[in-house]
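Working notes, structure below.
Nothing in this text is a laboratory measurement; each read-out follows from the coordinates by a stated rule. Everything numeric here is computed off the predicted structure, so don't read it as measured data. Quick reminder, even Gly has a Cβ in these numbers, built from the backbone with ideal geometry, and neighbours come from all protein chains shown.
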């Protein structure tokens with residue numbers, strides 16, 4: 001799964017990586033080192049004119065049929081193997097795909113009652129683009145919420161030492177095809193939603209500060225001594 005991540009790089013770098021053509025009034029998001037479910041996150045998607053734009057949305061997808069926004073807290077991830085079939089995700093999978101930029105994500109190794117947090121980043125130091133889907137939910141009282149879920153897949157060899165699932169990390173060469181819901185076939189979409197190769201990522205143990213979502217500071221993603229897995 002992917003339950004925490006961080007994005008602290010300058011917006012100019014994010015825009016360059018994702019080849020953003022337009023900023024929106026919701027895309028001004030401060031650097032974050034411990035992003036948690038239901039919080040506001042940045043996504044890249046195509047706007048109404050087909051331009052690649054940045055939007056700030058809620059993390060936790062609220063299906064169009066939902067009566068209450070609270071359901072989104074349980075839908076922060078969508079399994080890539082089944083998202084095309086699940087009523088909660090299948091429409092977004094087909095028509096509303098997005099990219100969630102991140103400097104890295106966190107996962108926890110469980111040993112009995114202990115949980116050791118690890119950070120995963122790209123080995124080349126670049127930002128990663130996690131595959132996502134988004135929804136525009138309309139509440140019964142007329143309130144509108146744009147929201148998203150991060151797609152997950154089976155862990156690659158590196159992540160498997162810590163957890164059996166990981167976010168789908170897109171190859172930058174696939175960003176355009178992932179966002180192109182009209183021009184990319186279902187088979188091509190499924191082929192992109194796979195584990196990245198082991199050498200794409202590096203990992204290290206971090207402080208247990210990250211265990212508490214109220215701790216949002218650079219120390220959350222800094223390695224602790226002797227903490228490589």
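When 206, 159 are arranged by Cβ crowding within 10 Å, least crowded first, meaning fewest neighbours, the order is 206, 159.
Which order do 85, 222 fall in if you start with the one that has the fewest other Cβ atoms within 10 Å?
85, 222
The slack between residue 9 and residue 115, meaning 0.36 nm per residue of separation minus the straight C-alpha distance, is 35.4 nm.
By definition, a body whose alpha carbon gyration tensor gives a ≥ b ≥ c is prolate when a/c is 1.5 or more and a/b is larger than b/c, and segment 51-117 fits this prolate description.
For residue 38 and residue 24, compute 0.36 nm times the residue count separating them, minus their Cα-Cα distance, and round to one decimal in nm. Working shown, then result.
Numbers: separation 14, 0.36 × 14 = 5.04 nm, distance 2.02 nm.
Extra length available between residue 38 and residue 24 comes to 3.0 nm.
Highest mobility in the GNM of the chain, judged by mean-square fluctuation with C-alpha springs under 10 Å and restricted to 140, 167, 101, is found for 140.
Please label the shape of segment 89-181 as rounded, prolate or oblate, based on the square roots a ≥ b ≥ c of the eigenvalues of the alpha-carbon gyration tensor (a/c under 1.5 means rounded; beyond that, a/b larger than b/c means prolate, else oblate). It comes out oblate by the Cα gyration axes.
What FRET efficiency comes out for the pair residue 143/residue 51, r = Cβ-Cβ distance, R0 = 45 Å, nearest 0.05? Before the final figure, lay out the partial values.
Numbers: r = 27 Å, r/R0 = 0.59.
Efficiency for this residue pair is about 0.95.
Within the listed set 133, 162, 99, the Gaussian network model of the chain (springs between alpha-carbon atoms below 10 Å) gives the highest mean-square fluctuation for 162. Highest average first, the peptides 20-32, 192-204, 51-63 ordered by how many other beta carbon atoms sit within 10 Å of their residues are 51-63, 192-204, 20-32. Residues of segment 120-151 falling in the label zone of residue 186, defined by backbone nitrogen less than 20 Å from a point 7 Å along Cα to beta-carbon, are 132-134, 151.
At R0 = 35 Å, how high is the FRET efficiency between residue 173 and residue 217 if r is their beta carbon distance? Nearest 0.05 is fine.
Numbers: r = 34 Å, r/R0 = 0.97.
According to the calculation, E is roughly 0.55.
Taking the alpha carbon gyration tensor of segment 126-172, multiplying each eigenvalue by 5 and rooting it gives semi-axes of 31, 13, 7 Å, largest first.
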